[in-house]
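S.K.: Before I ask anything, here is the structure I am working with.
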Amino acid sequence: MSVITHIKADLFTTPATGSILIHACNTVGSWGAGIAVAFREHFPDAFVVYKQQCKSHSKEELLGTCLLIPGERYDVACLFTSKAYGKSKSKPEQILASTRLAVQDLLRQNTAGKELHSCRINSGKFGVPWEDTEAILQEIGANMTVYEPVVPPT
């Protein structure tokens, strides 16, 4: 059974040290928009590893896989859910199918049973309704904390 906990907090400072932070990625080596920009700023070394992975593998090889990058405080999980971004992004049904495979890959790789923490993957720049992604996470038994950004009062 899956347990998805939703909280409003900062994904980059709230989780316990040693956790895995997850986000959905394209296969072309770009963290140029949405939460990917924040991942690039917080984890520049992980971005270099991700970019190299994209250069050394075809889009088809990467789609539906997870690149798990060890870090000092957090590990970063890059779920390859879309071939590209912007107007060239994959169709929602392909993104969801790739999400299923990529999260299953992450769960296989997480042999230490580290806590999983995620943004609402696919719901930003990939434009997939969060409820559709969440349904897949529940179906495959993923246990994770999902973060909604804290919006400062105006």
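S.K.: Carbon-plus-sulfur fraction of the accessible area of the chain, 1.4 Å probe, in percent?
M.R.: Exposed carbon and sulfur together represent 53 percent of the surface.
S.K.: With the other protein chains left in place, how much accessible area per residue, in square angstrom, belongs to the chain at a 1.4 angstrom probe?
M.R.: 52 Å²
S.K.: Residues in segment 6-44, backbone N under 15 Å from the label point at Ser88 (7 Å along the Cα-to-beta-carbon vector): list them, ranges by number please.
M.R.: Label zone hits: 26-33.
S.K.: Computed FRET efficiency, Cβ-Cβ of Asp132 and Met1, R0 25 Å: what is it to the nearest 0.05?
M.R.: Once rounded, the FRET efficiency stands at 0.80.
S.K.: Next up: Could you report the accessible area of Asp75 in Å², rounded to 10, computed with a 1.4 Å probe on the protein chains as they sit in the structure?
M.R.: About 20 Å², rounded to the nearest 10.
S.K.: Let me understand the chain better: what is its radius of gyration from the alpha carbons, and its Dmax, in angstrom?
M.R.: 14.2, 45
S.K.: Counting helices only, and only those DSSP H runs with n ≥ 4, report the 222 nm mean residue ellipticity of the chain as the sum of -39,500 (n - 2.57) divided by its residues, in deg cm²/dmol to the nearest 500.
M.R.: Helix contribution divided over all residues of the chain: -10500 deg cm²/dmol.
S.K.: Among rounded, prolate and oblate, which fits segment 1-55 when a ≥ b ≥ c are the square roots of the eigenvalues of its C-alpha gyration tensor, a/c under 1.5 means rounded, and a/b larger than b/c means prolate?
M.R.: Prolate, because a/c is 1.5 or more and a/b exceeds b/c.
The values are calculated or read from the model by the stated rules, or taken from the named source; none is laboratory data. Just so it is clear, the structure is predicted and the values come from calculations on it, not from any experiment. Neighbour counts run over all protein chains shown; Cβ positions are idealised from the backbone, glycine included. For accessibility, only protein heavy atoms count, side chains too; no ligands or nucleic acids. Shrake-Rupley method; radii C 1.70, N 1.55, O 1.52, S 1.80 Å.
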